[in-house]
Amino acid sequence: MSIMPSAKHLDACIVGCGRMGQRHAQVIESLGLKLSAIVDISEARCKQVINEWQGLNAPESYNTLESLLENHIPDLIVIATTANCHAKQALQAIYAGVPYILLEKPVATSLCDCITIHEACRKNQAKIAVNHQMRYLPQYQLPKMLSTSAAYGGFKAMTVTAGNFGLAMNGTHYLEAFRFMADEAPKEVSAWFDSETLANPRGSQFEDMSGCIRVTTESGKRLYIDASSDQGHGVQVTYMSRNGRITIDELTGTMATIVRQPEHHEAPTSRYGMPVFIEEQKIKPVELVDSTKAVLEALIKGENYPTLQDATLAVKTLVAAYHSYRKGGISVKLAGIPDDDPEVFPWA
C-alpha cells in the first residue's frame, strides 16, 4: 500500500474521547488534519472534544465504532479506548479497509488477540503504530546516545524506580524503552508482584499489578522496575554503562551524568570510585502531545514507528512476568510462552 503524499490529506477519526483521546485531538489539530468523526459512549466527552476543536469543521459524533464505519471509512483511526476494547476495534477498522491505525497501549489483553491483529493487518495491508513514544523523547534518546558512546563504554542496565504507575498501564512503556535502549529483545523475566492491588481509577472491572520486575537479554543487559504499591510519587530512571551512570527524573526533566575521565576508561570495573566528570542539565519533562505527534507522523511516513511487533513483545514480556510471579519469582523464558497464549488479563 502506498503512503499518502501528505499528512494534510488524511481524514482522521478518534475512538475514545477520554484523557488520551483528547490529547489525540490536539495532535490531529496540530498536524492540520481533518477530524471527521469521534466515537465515545459518553455524549459529554464527545461534546468536550467538539467544543475544544479549533480546526475547520467540527467532527461528527457517534456512540459506537460500528455506526461510524457504516457511514464513513476514514484514512486514519486513532483507538484510545481501554485495552479490553483494542483488539475488537482494531479488527473492525482493519476489515472495514482503514489503511492507518494508531493504537494505544497495551495492544490487547491477550497474546492471542495480538496475533489476530497481526494476521488481519498482513492480509488487509493495514498499517498500525502503537503509541509507545519513548524513541522520540530526549529522556531516552540522550541516554542511548551517551551510554553507547566510547566514553561510557556501552549500555548495560536500566533501573526504573517509580510510584505505583501500573505494570501494564506504564510498565509496558518501560519494557519497550528497554528494548529500544538495549537494541535486543528480552530473554528472561522474574517478577515479584504485590499481594494486594489498589482500586483501578478506570473501573472495578480493571486490575493492574504493582511490584518489581527484572528482565535480562541474551547478552546480559538488564532492566529493573520497582513500581510498588507503597511508593506514591515520581519516576526516576538510571542507566548504567561500563564507565558511567545517567540518572533522569522524568517528571522534573533533570538529567545527571557521571562518567570516568578518559585515562581511567580501561581500569577494571572493580575500581568503581575512579575520578569522573559530573554534569547536571535540564531536559524537557515527559509529555504526551508532541511525542504522540511524532508517532503519528512516523506512521504516515511509514518509517521508524513503534510497530505491532515491538508492542506485542512488551505484552509478552509482561505475560512472562505474571508466569514468574505465580511460580514464586523464578526466571521465566519468553520462548516458553506461546505466541498465541489465550489468557486474558484485566488491564485497562
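The values are calculated or read from the model by the stated rules, or taken from the named source; none is laboratory data. Because the structure is predicted, anything quoted here is derived from the model rather than measured. Cβ: placed from backbone, ideal geometry, glycine included. Neighbour counts: every protein chain shown. Ligands, DNA and RNA are stripped out before the accessible areas are found, and what is left, the full protein with its side chains, is counted by its heavy atoms. Shrake-Rupley method; radii C 1.70, N 1.55, O 1.52, S 1.80 Å.
Can you compute 3J(HN,Hα) from phi for each residue in region 178-184, using the Karplus curve 6.51 cos²θ - 1.76 cosθ + 1.60 with θ = phi - 60°, rounded to whole Hz and x for Gly and Pro?
Computed from phi, the couplings for region 178-184 are 5, 4, 5, 5, 7, 6, 7 Hz.
Only four residue types carry charge here, +1 at the Cβ of Lys and Arg and -1 at the Cβ of Asp and Glu. Report the dipole size of region 1-148 about the Cα centre in Debye, rounded to the nearest 20. Write down the numbers at each step before the final one.
Numbers: 13 positive and 12 negative charges, 115 e Å.
So the magnitude is around 560 debye.
Candidates [x] 29, 56, 15, 1; [y] 26, 52, 21, 1; [z] 24, 38, 25, 12, 1; which is the computed P(r) over Cα pairs in 20 Å bins from 0, in percent?
[x]
Could you give each residue of region 232-243 its phi-based ³J(HN,Hα) in whole Hz, using Karplus coefficients 6.51, -1.76, 1.60 with θ = phi - 60°, and x for Gly or Pro?
My calculation for region 232-243 gives x, 7, x, 9, 10, 10, 10, 10, 10, 10, 4, 10 Hz in order.
Could you give the angle, 0 to 90 degrees to the nearest 10, between helix 19-30's Cα long axis and the longest principal axis of the Cα atoms of the chain?
80
Output the 0 to 90 degree angle, nearest 10, between the alpha-carbon long axis of helix 43-52 and the longest principal axis computed from the alpha carbons of the chain.
80
Work out Dmax and Rg for region 1-91 from the C-alpha atoms and quote the Rg first, both in angstrom.
12.4, 38
Can you check what the net charge comes to around Thr159, using other residues whose Cβ is under 15 Å from the Cβ of Thr159 (Lys, Arg +1; Asp, Glu -1)? Don't jump to the answer; show the numbers that get you there.
Working: positive: Lys156, Arg214, Lys221, Arg222, Arg245; negative: Asp226, Asp249, Glu250.
Charge balance near Thr159 sits at +2.
Can you give me the Cα centroid spacing of region 230-300 and region 145-204 in angstrom?
14
How long is the gain from Ala44 to Glu218 if the chain were fully straight, where each residue apart is worth 0.36 nm and the alpha carbon distance is subtracted? Let's see the in-between values first.
Values: separation 174, 0.36 × 174 = 62.64 nm, distance 4.95 nm.
Length gained between Ala44 and Glu218: 57.7 nm.
Please calculate the 1.4 Å probe accessible area of Lys88, with all protein chains present, and give it to the nearest 10 Å².
Lys88 has an accessible surface of roughly 130 Å² with all protein chains in place.
Can you tell me the FRET efficiency between Gln309 and Asp183 if r is taken as the Cβ-Cβ distance and R0 is 22 Å, rounded to the nearest 0.05? Intermediate values should be presented prior to the final figure.
Working: r = 14 Å, r/R0 = 0.66.
Using R0 = 22 Å, I get an efficiency of 0.90.
What's the extension gain from Glu119 to Val276 if we count 0.36 nm per residue and subtract their Cα-Cα distance? It would help to have the intermediate numbers written out before the result.
Working: separation 157, 0.36 × 157 = 56.52 nm, distance 5.12 nm.
Net length gain for the segment: 51.4 nm.
Of the accessible area of region 28-183, with the probe set at 1.4 angstrom, what percent is carbon plus sulfur?
C and S fraction of accessible area: 49 percent.
Against the longest principal axis of the chain, how steep is helix 138-147, in degrees 0 to 90 to the nearest 10, with axes from Cα atoms?
30
Share of region 189-348's accessible area from carbon and sulfur, percent, 1.4 Å? Please list the in-between numbers first.
Details: 4230 of 8230 Å².
Carbon with sulfur: 51 percent of the solvent-accessible area.
In Å², what does the accessible area per residue of the chain work out to with a 1.4 Å probe? Mind dumping the intermediate values first?
Numbers: 15590 Å² over 348 residues.
Here the per-residue accessible area is 45 Å².
Sum up the charges of everything whose Cβ sits under 9 Å from the Cβ of Ala12, counting Lys and Arg as +1 and Asp and Glu as -1, but leave Ala12 out.
Values: positive: Lys34; negative: Asp11, Asp75.
It works out to a net charge of -1.
Apply the Karplus parameterisation 6.51 cos²θ - 1.76 cosθ + 1.60, with θ equal to phi minus 60°, to every residue of region 264-271 and state each ³J(HN,Hα) to the nearest whole Hz, in sequence, with x for glycine and proline.
With the stated coefficients, region 264-271 comes to 10, 4, 8, 5, x, 5, 5, 8 Hz.
Take every DSSP beta bridge whose two residues both sit in the chain, then give the antiparallel share in percent to the nearest 5. Present the calculation step by step, with values, prior to reporting the outcome.
Working: 40 of 65 bridges.
Of those bridges, close to 60 percent are antiparallel.
Semi-axes of region 98-143's equivalent ellipsoid from the Cα gyration tensor, sqrt of 5 times each eigenvalue, largest first, rounded to whole Å? Working shown, then result.
Numbers: eigenvalues 126, 36, 13 Å².
The answer is 25, 13, 8 Å, longest axis first.
Which order, highest average first, do 260-269, 282-291, 134-143, 302-311 follow once you tally other Cβ atoms within 10 Å for each residue and take the mean per peptide? Walk me through the intermediate numbers first.
On the way: 260-269: 12.0, 282-291: 14.7, 134-143: 19.4, 302-311: 17.8.
Listed from highest to lowest mean packing, they are 134-143, 302-311, 282-291, 260-269.
Among the listed pairs Lys156/Lys187; Lys88/Lys187; Lys144/Lys293; Lys123/Lys293; Lys105/Lys127; Lys221/Lys301, which are separated by more than 24 Å between their Cα atoms? Please list the in-between numbers first.
Details: Lys156/Lys187 15 Å; Lys88/Lys187 29 Å; Lys144/Lys293 21 Å; Lys123/Lys293 27 Å; Lys105/Lys127 16 Å; Lys221/Lys301 32 Å.
Beyond 24 Å: Lys88/Lys187; Lys123/Lys293; Lys221/Lys301.
What aspartates and glutamates sit close enough to Lys282 to cross-link, taking a C-alpha to C-alpha distance under 15 Å and skipping anything fewer than 8 places away on the same chain?
Qualifying aspartates and glutamates at Cα under 15 Å: Asp249, Glu250.
Rg (Å, one decimal) plus Dmax (Å, integer) for the alpha carbons of region 117-228?
For region 117-228, the Cα radius of gyration and maximum Cα-Cα distance read 16.3, 50 Å.
Leaving ligands and nucleic acids out of the surface, order Arg271, Arg179 by accessible area at 1.4 Å, largest first.
Arg271, Arg179
Where the only charges are on Cβ atoms (+1 Lys, Arg; -1 Asp, Glu), what is the dipole of region 217-260 about its Cα centre, to the nearest 20 debye? If you can, show how the numbers build up before the last one.
Values: 5 positive and 5 negative charges, 78 e Å.
That gives region 217-260 a dipole magnitude of about 380 debye.
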